[in-house]
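Just below is one structure, and these are the notes that go with it.
The values are calculated or read from the model by the stated rules, or taken from the named source; none is laboratory data. What you see is a predicted model; the values in this text were computed from it and never measured. All Cβ positions, even for glycine, are placed from backbone atoms using ideal geometry, and neighbour counts span all protein chains on display. Quick note on the areas: whole protein, heavy atoms, side chains included, nothing else; ligands and nucleic acids left out. Shrake-Rupley method; radii C 1.70, N 1.55, O 1.52, S 1.80 Å.
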Amino acid sequence: MIGLRADAVVTWEDGALTIVQNFGVHTARGLTPRIAALFGELPGALADEDELAERLLLAGGTDQEVALLYLALGRLRPTFVHTVEYTGEPLLRIVPVARDAVFEVPELPADHVVRLSRFALVRQDAGELVLESPLARHKVVLSEKAMPLIAALSRGVRVGEAPEALCHLVAAGMARADDAEDTDPALRTWEFHNLYFHSRSRMGRHDGPIGGTYRFRGELPPEPALKPLPEGPITELYRPSLTEAAAADPAFTTVLESRRSVRQYADAPVTARQLGELLYRAARVRGEIRPPTDGAPYESSNRPYPGGGACYELELYLTVDRCEGLDQGVYYYDPYGHRLVTLPARAEDARAMLTLAGMSTGGTAKPDVLITMTSRFSRMSWKYAGLPYAATLKNVGALYQTFYLVATAMGMAPCGLGNGDSDLAARAFGLDWAAESSVGEFLIGGAPAQG
Ligand SMILES: Cc1cc2nc3c(=O)[nH]c(=O)nc-3n(C[C@H](O)[C@H](O)[C@H](O)COP(=O)(O)O)c2cc1C
C-alpha cells in the first residue's frame, strides 16, 4: 500500500501537481486534474496502486490517463509512505524524511540472510515506535507485532521467513543485505552515536526542525545571559590595559605562526595576574548585557571570541594546582565582573580533574591550571532546534583558538584537550549534568624557557 504523509500538502495549479512536505517539494507536470484529485486524497491515507487506477477509471478516466497515473506513481515514488501489512494491519509504515529519498524494493533470494543495520535505532517518538538510521532517508513506524522480527534481525534472518517485510526494511535502509557496514572503510570507521549526531545536527537526512526556531518561546523563559553567581568567596582578577597589551604583543602573524600546544611548564608557576589578563583578553563580557529585542528575544552579550547567536552558553571553571597569588582549588569565572568565585569542591575531585587532564596529554603535562568549559545547554536549545549541541562544540573551538592566541601572545603555555569527564566536572562544580556540564578542557601554565 502507498500513501502520503499526513502533513503533505498536494496542490494542482497551472498543470503542475506539487507535493509539499516539511523536507522538500516535488512537482510533476503533464498530468490531468482527475489524476491530481487522486493524489489529493493520499495525505494521511493508504491505497493500493491498482485500486487508484480503478478509482480513476470510475471517475471517467481514460486508458491513457491510467498509463499516466502509473508513470506519475513511479516518478513520485520517493515521496510516498509505503506499508507492509500483517493480518490486515500495517506492520511497517515506511515514511520518507528527506528530499532525496529513494525507495526500490530489492528482490532477494529466500535463503539470503539480512541483518539490522548497526546504525539503526528504535525509539518512542510522539507515542509511536520508530526505527531510524542516519544512513536512511526514511523512518519506519513499527507496530508492536513487528518487534519480534526487529529483534531477530539483530542476529540475522533468512529472507524467506518474511520476504515482503524484510525486502522493505532493506529498501528503507534499516536492514542490510550486504556487509558494507563492516567492509566499506567510510562506514566501518563510524560509530553509531557519532553518525546519528552528524545526520541529526545538520539538514538533509531527517524531517525534524532545524535552526533558530525559538522552540520554547512563550513556554519557557530563556536563561539569562549571565549565570547567577554561585555562592562563595570572591577573588577580584587583574584587569590589563588593552592599550598596553596591544603595544607589548608580538605582531599578529608572529603570534599565529608561533602558536603551539605546550605541555610542559616553567619551574615558576603561572601568576594570578597572568590568569587575570588571559581571561580578560579572551573571555570576559565586553560591554553591557543586551536586553531582548523582537529579533533576538533573549539577553545576549559580546565577548572577544565569536559565539553562535551571541548566546554565550559557555561557562569557565578553573581547577588550580599551582598559581602564584591564587590558592589551590576550584573556581567559577564570572565573565561580567571579571572575578573568581571559590567553589566548595572536594579536594579529591579537583585532583582527579587535574590527573585526567594530564592523562589526556599522554601523561606529558602535569597541569598547573585546568580551564574547564561547560555549557548552559538551554541557552542554545531554547532558540535552536537540531543543531544546538553541534553549535556549542563549534563555540568551544572558537574559544580554544582565542585562548591559544592570547596565551601565545602573552608567552604562556596553552594546550587544548579533546576529552574530559563531564560527570566528574558536574560533581566538582556542583552542577546538574543535564542543565550544565563540561564540553571542553584547556590547560594553561607558564611557558618553559626556550632552548
Ligand atoms: C579540539 C582539540 C583537542 C585536542 N586534544 C588534545 C589532547 O587531548 N591532548 C593533547 O595533548 N593535545 C590535544 N590537542 C592539541 C593538539 O594535539 C595540537 O593542537 C596538534 O597536535 C597540533 O599541534 P600544535 O597545537 O602544537 O600546533 C588538542 C587540540 C584541539 C584543537
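The table that follows gives values for the structure above.
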{"read-out": "Residue match in region 378-398 (condition: under 29 Å from the mean Cα position of the chain (by Cα), within 16 Å of the ligand (Cβ to nearest atom) and among the charged types (D, E, K, R))", "value": "yes"}
{"read-out": "Qualifying positions in region 400-451 - small (Gly, Ala, Ser), assigned to a helix (DSSP H, G or I) and within 13 Å of the ligand (Cβ to nearest atom)", "value": "407"}
{"read-out": "Subset of region 1-31 [without any contact (Cβ under 8 Å) to a residue 12 or more places away in the chain, under 18 Å from residue 96 (Cβ atoms) and touching a Leu at 6+ places or on another chain (Cβ under 9 Å)]", "value": "27"}
{"read-out": "Test set (1) under 29 Å from residue 206 (Cα atoms); (2) in a helix (DSSP H, G or I); (3) not basic (Lys, Arg) - residue 12 fails condition number", "value": "(2)"}
{"read-out": "Candidate set from region 176-185 (those that are without any contact (Cβ under 8 Å) to a residue 60 or more places away in the chain and part of a helix (DSSP H, G or I)); member that is surrounded by the fewest Cβ atoms within 10 Å (Cβ to Cβ)", "value": "185"}
{"read-out": "Residue in region 321-346 that is most open to solvent (accessible area, probe 1.4 Å), counting only those that are on the phi > 0 side of the Ramachandran plot and in a loop (DSSP other than H, G, I, E, B)", "value": "325"}
{"read-out": "So residue 357, is it more than 13 Å from the ligand (Cβ to nearest atom), closer than 30 Å to residue 236 by Cβ and buried (at least 17 other Cβ atoms within 10 Å of the Cβ)", "value": "no"}
{"read-out": "Candidates 200, 188 - the one that is open to solvent by 90 Å² or more (accessible area, probe 1.4 Å) and within 24 Å of the chain's Cα centre (by Cα)", "value": "188"}
{"read-out": "Criterion violated by residue 373 - all others in (1) over 22 Å from residue 224 (Cβ atoms); (2) aliphatic (A, V, I, L, M); (3) within 16 Å of the ligand (Cβ to nearest atom) satisfied", "value": "(1)"}
{"read-out": "Region 203-242, residues that are open to solvent by less than 60 Å² (accessible area, probe 1.4 Å) and on the phi > 0 side of the Ramachandran plot", "value": "204, 211, 214, 232"}
{"read-out": "Residue in region 269-289 that is assigned to a loop (DSSP other than H, G, I, E, B), touching an Asp or Glu at 6+ places or on another chain (Cβ under 6 Å) and loosely packed, with under 15 Cβ neighbours inside 10 Å present", "value": "yes"}
{"read-out": "Flag if residue 299 is at pLDDT 95 or above, among the charged types (D, E, K, R) and within 16 Å of the ligand (Cβ to nearest atom)", "value": "no"}
